Amino acid sequence: MKETSTKIFIVPCSSGEPRRNSYGIVYPEYEVGNINDGFQKNTVVMLYEARFIDKNRVISKLGKTTFSFFNKIYKKLCYQLSL
């Protein structure tokens, strides 16, 4: 999402199921992406795990999300930071 000369801001993803409350609603710390969002399969984006890491830790690139999905998670992250 954002990078400096030595760091990159990443948001981890998982192919597992997101946590849901007793009503079946996905908790706000997760966002679910699918093939239409640029993923190879249904993917859970773990927003509360977002952090900066050293660029040298990135060993491969799988692809990238659509611009609209990027904006969706970016806005959600900004909202969470403003709370």
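No lab work stands behind these numbers, since they all come straight from the coordinates. Keep in mind the model is a prediction, meaning the values are calculated, not measured. Cβ placement follows ideal geometry from the backbone for every residue including glycine, while neighbour counts extend to all protein chains displayed.
Numbers below:
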| read-out | value |
| --- | --- |
| Selection within region 65-83 - within 12 Å of the chain's Cα centre (by Cα) and within 19 Å of Thr4 (Cβ to Cβ) | Phe70, Tyr74, Leu77 |
| Members of region 1-29 found to be among the hydroxyl-bearing types (Ser, Thr, Tyr) and over 19 Å from Leu62 (Cβ atoms), listed by number | Thr4, Ser5, Thr6, Ser22, Tyr23, Tyr27 |
| Filtered residue count, region 1-57, keeping only those that are surrounded by 14 or more Cβ atoms within 10 Å (Cβ to Cβ), more than 9 Å from the chain's Cα centre (by Cα), of a type in the set (A, V, I, L, M, F, W, C) and in a loop (DSSP other than H, G, I, E, B) | 1 |
| Scope region 5-57; condition without any contact (Cβ under 8 Å) to a residue 12 or more places away in the chain and either within 19 Å of Cys78 (Cβ to Cβ) or β-branched (Val, Ile, Thr) (or both); matching residues | Ile25, Val26, Tyr27, Ile35 |
